1. If I go through region 410-437 residue by residue, how many of them are modelled with pLDDT under 95 and closer than 14 Å to PHE280 by Cβ?
2. Within region 79-96, can you find the residues that are farther than 25 Å from GLU52 by Cα and either in contact (Cβ under 8 Å) with a residue 60 or more places away in the chain or of a type in the set (Ser, Thr, Tyr) (or both)?
3. Here is a check on your reading of the model: is LEU518 in contact (Cβ under 8 Å) with a residue 12 or more places away in the chain, at negative phi and out of contact with any helix residue (DSSP H, G or I) (no Cβ under 9 Å at 6 or more places or on another chain)?
4. Could you tell me how many of the residues in region 419-471 are out of contact with any Ser or Thr (no Cβ under 8 Å at 6 or more places or on another chain), among the charged types (D, E, K, R) and closer than 30 Å to LEU525 by Cβ?
5. Would you mind telling me which numbered condition in (1) buried (at least 18 other Cβ atoms within 10 Å of the Cβ); (2) under 25 Å from the mean Cα position of the chain (by Cα); (3) hydroxyl-bearing (Ser, Thr, Tyr) TYR196 fails?
6. Looking only at region 38-68, filter to residues that are in a loop (DSSP other than H, G, I, E, B) and aliphatic (A, V, I, L, M); which one of those is surrounded by the fewest Cβ atoms within 10 Å (Cβ to Cβ)?
7. Out of all the residues in region 210-225, is one or more in contact with a strand residue (DSSP E or B) (Cβ under 6 Å, 6 or more places away or on another chain), buried (at least 17 other Cβ atoms within 10 Å of the Cβ), without any contact (Cβ under 8 Å) to a residue 24 or more places away in the chain and among the hydroxyl-bearing types (Ser, Thr, Tyr)?
8. Scan region 43-60 and give yes if some residue there is closer than 24 Å to TYR133 by Cα, touching a helix residue (DSSP H, G or I) at 6+ places or on another chain (Cβ under 7 Å) and touching a residue at least 12 places away in the same chain (Cβ under 8 Å), otherwise no.
Amino acid sequence: MKTVWGENIDKTAVLQEYPRPQLVRDSYVNINGEWDYIVRPITKKNDLFSYENTGSLPFSAPHGKILVPFSPECELSGIDFHLTGNELFIYQYKFHPTKSFNRGRILLHLDAVDSCCAVFVNGSKLTEHIGGYWPVICDITDYVTPETVINVCVYDAQDSGFLARGKQRIENRGIWYTAQSGIWQSAWIESVPKCYIESVKITPDFDTSSVEITVNTNEDCNTRLILAHDGSEYETKSNTPFVIKLHDVQAWSPETPYLYYFTVQAGDDEVKSYFAMRKFSVDTDKDGIKRLFLNGKPYFHNGLLDQGYYSDGLMTPPSDKAMICDIMTMKELGFNMLRKHIKIEPLRWYYHCDRLGMLVWQDMVCGGDNIRTPDYTGEEVTDGKENYALFGRLSEENRKTYYRELEDTVNLLYNSPCIAMWVPFNEGWGQFDSLEAVRRIRDLDNTRCIDHASGWHDRHGSDVQSIHVYCRPYVYEADKYERAVVLSEFGGYNLAVEGHLFAQKQFGYVKTQTRTDLEEKLTRLYEDEIIPAKALGLSAAVYTQLSDVEGETNGLFTYDRRVLKVSKNVMLAFNKKLSDN
């Protein structure tokens with residue numbers, strides 16, 4: 001089932017925009033497009049990427065072509081192949097660099113590969129990577145020839161194992177979606193000088209009108225920061241924090257998403273980046289109520305659950321315009337926040353939220369030996385070692401993997417101004433020692449709020465009390481631990497639109513029959529429950545959800561994004577009453 005963007009996709013120009021907007025270079029080659037592939041059975045489980053499993057690389061008889069970066073399981077890949085836990089999927093791409101391309105080092109980027117992979121260049125294995133939601137970066141300089149053959153060998157354990165996998169499931173029904181594998185975010189190659197900028201860490205301090213910038217390079221060197229808005233320049237040292245005092249600060253908010261652009265120079269290397277001045281906190285309002293604050297003032301987070309799936313690309317947006325459409329349409333309906341639900345998006349999605357003005361609550365991607373725990377009965381369960389087995393976290397390796405993935409997530413997205421809240425656990429899925437997760441997040445990032453247990457099993461240790469309410473009226477109650485109260489999931493009203501259904505069996509919490517019926521129910525829900533609750537002390541509301549996803553038909557958009565099920569005027573009428581501006 002194609003989106004309008006997938007229907008018009010150009011196989012020779014797939015997702016061509018620069019993939020990393022906060023570290024932009026001009027020495028860049030996009031290698032999305034058609035790659036050759038083969039599938040091989042696994043013969044040695046104890047060494048997935050052994051010679052026996054990978055065969056002679058590079059291969060000479062491909063099974064076909066796949067459109068990268070779409071996973072084999074999705075329609076836009078062109079192959080509709082479902083990888084099992086007994087096979088390797090092996091990609092091949094031939095890269096022909098020009099003589100002038102190499103400035104010193106050549107780096108291969110695979111922005112996400114689900115879930116384990118090895119990279120070979122001209123037959124030599126250069127790296128192995130575990131984790132399906134985080135970038136693979138490989139220095140291929142010493143192996144590049146006029147015709148460079150790149151192979152990426154992929155293994156995916158599917159439902160087994162405990163790596164982060166979010167809502168992927170072989171049995172994709174209800175709230176679970178198609179299991180995916182392979183390259184599902186952009187593939188690209190860049191050339192850098194021998195001494196180059198590896199990353200930039202940016203920490204705005206709204207209260208002091210300053211920003212701390214650390215330029216991380218592979219070798220210590222002198223650096224220069226140049227701010228675009230006033231042309232000011234600062235001489236600094238790499239790998240050392242440097243604080244810049246700003247004047248006449250322009251604050252970032254969903255209403256005024258002002259970005260400060262700047263250039264970093266380090267030796268012969270130069271990158272462009274940006275930051276924003278904003279502050280997220282929980283504080284007490286004039287009536288003594290704990291609320292979420294933005295830039296020192298109460299600010300109601302009026303949001304939607306956003307799974308980030310598309311009917312043709314599944315986890316991969318079919319185009320940059322598809323991401324922009326989701327964000328802008330929800331802003332036009334009066335929402336100011338998206339809760340990115342147990343998925344990590346391409347970095348360009350966060351960039352669009354930054355520049356267009358959309359708050360983001362970022363879930364960690366859930367894992368564990370069981371994707372979900374037994375249904376919630378209303379009783380809180382402790383998440384310590386006495387219940388590790390219940391939550392699918394019995395092994396120590398399992399728990400260590402979660403902490404590594406948590407750290408990787410925070411570090412990957414740390415610079416994104418739009419992210420207001422970290423959500424380490426959702427509804428007990430893989431939850432364990434959540435207070436320790438809070439501590440670790442605060443050590444990594446003390447500039448954002450934390451919802452440590454969204455919906456279930458509150459351990460009373462984060463910034464908010466987080467509640468999920470479906471199929472019953474919501475009645476506000478103040479938190480006895482004196483935290484801000486957020487309704488982090490609610491609604492889920494179901495409307496199936498014929499001609500735009502992905503699955504025969506539909507799932508939703510409250511069924512509606514027509515567009516008018518849906519609009520009337522939504523109006524009553526917000527007018528009778530959410531708006532009054534805000535006056536009493538509610539700080540955020542997250543409606544389920546932005547779009548239909550596979551069998552779920554409780555979105556405001558259909559899965560293919562071709563039908564918006566509600567009138568913008570109807571939504572704006574009650575959403576304006578939730579606005580603090």
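1. Of the residues in region 410-437, 0 are modelled with pLDDT under 95 and closer than 14 Å to PHE280 by Cβ.
2. Across region 79-96, the qualifying residue is only PHE95.
3. Details: in contact (Cβ under 8 Å) with a residue 12 or more places away in the chain: yes; at negative phi: yes; out of contact with any helix residue (DSSP H, G or I) (no Cβ under 9 Å at 6 or more places or on another chain): yes.
The answer is yes for LEU518.
4. Here the count works out to 2.
5. Among (1) buried (at least 18 other Cβ atoms within 10 Å of the Cβ); (2) under 25 Å from the mean Cα position of the chain (by Cα); (3) hydroxyl-bearing (Ser, Thr, Tyr), TYR196 violates only (2).
6. Quick first cut of region 38-68, residues in a loop (DSSP other than H, G, I, E, B) only: 42-50, 55-63.
Still in the running and aliphatic (A, V, I, L, M): 42, 48, 57, 61.
Numbers: ILE42: 17, LEU48: 17, LEU57: 20, ALA61: 6.
Out of the qualifying residues, it is ALA61.
7. No, every residue in region 210-225 fails to be in contact with a strand residue (DSSP E or B) (Cβ under 6 Å, 6 or more places away or on another chain), buried (at least 17 other Cβ atoms within 10 Å of the Cβ), without any contact (Cβ under 8 Å) to a residue 24 or more places away in the chain and among the hydroxyl-bearing types (Ser, Thr, Tyr).
8. Looking for residues that are closer than 24 Å to TYR133 by Cα, touching a helix residue (DSSP H, G or I) at 6+ places or on another chain (Cβ under 7 Å) and touching a residue at least 12 places away in the same chain (Cβ under 8 Å), one finds none in region 43-60, hence no.
The values are calculated or read from the model by the stated rules, or taken from the named source; none is laboratory data. Computed from a prediction, not measured in an experiment: that's the story for all the values here. With ideal geometry, Cβ positions are generated from the backbone for all residues, glycine too; neighbour counts draw on all protein chains shown.
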